[in-house]
Amino acid sequence: QQQQQQQQQPPPSTTPAKAAPVAAKAAAARVEPSRAAAKDPRRDLIEAVFSSLDKTRKGYLTAADMRPFAEQTGFSGSDHEWQEEFALLCRDRGSAKGIKLEEFVQLVNDSSDEGCYCSDSELRALLQQQQQQQQQQPPLGVAVEFEALCQESRSSQGIALDAFAKLVNDDSEDGCYCTDSELQALLHRLHQGSVENNPSASNAAASAKGSQRQPPSEDRSSRPALLEAVFNALDRTGKGFLTAADMRPFAEQTGFTGTDEEWR
């Protein structure tokens, strides 16, 4: 009877044994994406420190940007000594402008003599220090954007008309958007200041009201023309670009209340 039952039953299949490695690989494949998607808390912390140091959002750190980091990690030399140290730092990393994010990551993770390893607690302390300073200082607003625009246009002199238009038309957090009415008010203020500072111009204006060019209306009714009129009014010497001093009235019109030192 037992022999008959064994003959009727099919031989045991080897499929499950063969399928086991396949199932294991499939399970591993399902786990792998979650591992890859896992965030690195230290990397996030380093990026936050980098962003806090890069106040003008250039994408790299200059010697001045890196000075708080240097002091946090034990540097106590003079400005001149730090400039020399920073130049060596950039040279070792083949960077002509400054230290970029990936180079900064490598620097703070490097525990050798060539690196400058920082623990998480040290990075948090530096980040907290930078955040506190930003809260205590008045917002620089357009001052920061002015420096960023100069860096972006690779101009050491100032910003040209197209860069000025970009700044004034940008309604994001990175810009300093102005309405037409705000631009009209600034232009009117600049014209008044020009007349008050130049009595001969005031007399000429009084004797030639009929032929005098009117404030922004008519040919300045379009926004591009209005922007160009404001730019030309700020550029009193006709250089073709605006310096920090030229931009100061615009900064005050858009809410800047800091000192000359803070603006520069």
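Bear in mind that the values in this text are calculations on the coordinates, not laboratory data. Small disclaimer: the values here were computed from a predicted structure and weren't measured. All Cβ positions, even for glycine, are placed from backbone atoms using ideal geometry, and neighbour counts span all protein chains on display.
Note on GLN134 and GLU182: the model spin-label points, each 7 Å out from Cα along the C-beta direction, lie 2.1 nm apart.
Residue separation of ASN232 and ALA245 scaled by 0.36 nm, minus their Cα-Cα distance, works out to 3.3 nm of gained length.
Picking from PHE86, SER111, ALA125, whose Cα lies most toward the positive end of the charge dipole for region 85-129 (charges on Cβ: Lys, Arg +1; Asp, Glu -1)? Looking along the dipole axis, the top candidate is PHE86.
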